[in-house]
Amino acid sequence: MIDAHDFLPATPAEVVQPLDHAIHLWRMPWRREQGRALPLRVLAGYLHVDPSTLRLETGPHGKPFLPAACPLRFNWSHSGEFALLALAGDVEPGVDIELPREGVRALDLARRFFTPEESDALEQLPGHERESSFLQLWTAKEAVLKALGHGLAFGLERIGFALRQGTWHPVRFAAEAGAAADWQVLPLRIAGNYAGALAWRGPTRPVRAWAWAPGEE
Ligand SMILES: CC(C)(COP(=O)(O)OP(=O)(O)OC[C@H]1O[C@@H](n2cnc3c(N)ncnc32)[C@H](O)[C@@H]1OP(=O)(O)O)[C@@H](O)C(=O)NCCC(=O)NCCS
């Protein structure tokens, strides 16, 4: 679990360094009118280039990525007032953050989109825990799909998790996603009551987290 207090205040200029085998996370403010500007600034910092020169390519389901020659893999997510960018050198990261929304009927959505085992596990939780556990599972599944570059149409029920001691663990994935045991899926608490998850396929990696408040650098 990466918690809100693990995000250390920093600027990209201070932190840019070889990633080695680590995964770096950047939390930053997000406003629709700024679009991709801030994540692109961080990305450009790691590549030591001007953001205006970055040319991203787009996968068949919308995943942006750098040309194959670039030694950096990334993914970002935005919800409410924050964006979260994940950067890695040798694994393909997927991230998802979600701010709880009013009036979401967690169990109805679970019965519709999740596996029967996942819905049953959620049903057994008390109401307030159910809402947050539902969102934790949703972000875990979406982070895996985003690492793969798929969209929700892949089928959230094809990325199966089991709830053990309050945490969702990958247990059964469709063949195209690879063996569940090969995946790392970390819950994230980036701020307040946001839910989030970081996923990658491959061995465990150290994760380092920074909070960037542009304008304060
Ligand atoms: C990918 C998806 C699950 C993300 O949904 P979301 O929770 O609303 O969005 P998030 O904030 O977590 O992530 C959005 C960011 O993820 C990235 N992204 C977009 N599609 C992606 C994909 N398939 N895989 C990984 N990352 C993706 C982008 O950077 C995007 O932000 P941007 O548009 O500001 O650059 C959802 O958009 C989806 O299902 N897309 C698939 C659509 C599709 O299949 N299109 C093909 C039509 S032929």
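All of the numbers you see were taken from the coordinates with simple rules; none came from a lab. Keep in mind the model is a prediction, meaning the values are calculated, not measured. All Cβ positions, even for glycine, are placed from backbone atoms using ideal geometry, and neighbour counts span all protein chains on display.
With only Lys, Arg, Asp and Glu charged, each at its Cβ (+1 for the first two, -1 for the last two), find how big the charge dipole of the chain is about the Cα centre; round to the nearest 20 debye.
320
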Item to check | For residue 173, residues with placed amide H under 5 Å, excluding near neighbours | outcome: 160, 180
Checklist entry - Taking 0.36 nm per residue of separation and subtracting the Cα-Cα distance, what length does fully extending residue 66 through residue 164 add? => result 31.6 nm
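Once you have the Cα-Cα distance between residue 157 and residue 20, take 0.36 nm times their residue separation minus that, and quote the gain in nm to one decimal.
Result for the pair: 45.9 nm of gain on full extension.
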Checklist outcome for this item: Sequence order, segment 70-77: Karplus ³J(HN,Hα) from phi using 6.51 cos²θ - 1.76 cosθ + 1.60, θ = phi - 60°, Hz rounded, Gly and Pro as x, gives 7, x, 9, 10, 8, 7, 9, 9
Checklist entry - Pick from 165, 17, 124: which is most flexible by mean-square fluctuation in a GNM of the chain where alpha carbon atoms under 10 Å apart are linked? => result 165
Checklist entry - So how far apart, in nm, are the two label points at residue 129 and residue 52 if each is 7 Å from Cα heading toward Cβ? => result 5.5
Checklist entry - Under the definition of Cα pairs under 8 Å and six or more residues apart, what whole-number percent is the relative contact order of the chain? => result 30
Checklist outcome for this item: Once both label points are put 7 Å beyond Cα along the C-beta direction, the residue 105-residue 34 separation in nm becomes 3.7
Checklist entry - Which residue, 128, 48, 150, has the most motion in a Gaussian network model of the chain that connects Cα atoms within less than 10 Å? => result 128
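Evaluate the Kirkwood expression for the hydrodynamic radius of segment 4-211, namely the inverse of the mean inverse distance over all pairs of different C-alpha atoms, and round to one decimal in Å.
Final number for the Kirkwood radius of segment 4-211 is 17.6 Å.
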Checklist entry - At a Förster distance of 22 Å, what's the computed FRET efficiency of residue 6 paired with residue 81, Cβ-Cβ distance as r, to 0.05? => result 0.70
Item to check | Under Karplus coefficients 6.51, -1.76 and 1.60, residue-wise ³J(HN,Hα) of segment 27-37 in Hz, glycine/proline x | outcome: 9, 8, x, 10, 10, 3, 5, 7, x, 7, 4
Checklist entry - Given the Cα-Cα distance of residue 90 and residue 174 and 0.36 nm per residue of separation, how much length would full extension add, in nm? => result 27.9 nm
Checklist entry - Near residue 6, within a Cβ-to-Cβ distance under 9 Å, what is the net charge of the other residues, with Lys and Arg +1 and Asp and Glu -1? => result +1
Checklist entry - Roughly speaking, what is the centre-to-centre gap between segment 138-212 and segment 19-47 when only Cα atoms are used, to the nearest Å? => result 20
Checklist entry - Summing +1 for each Lys or Arg and -1 for each Asp or Glu, what net charge is found among the other residues whose Cβ lies under 10 Å from the Cβ of residue 189? => result -2
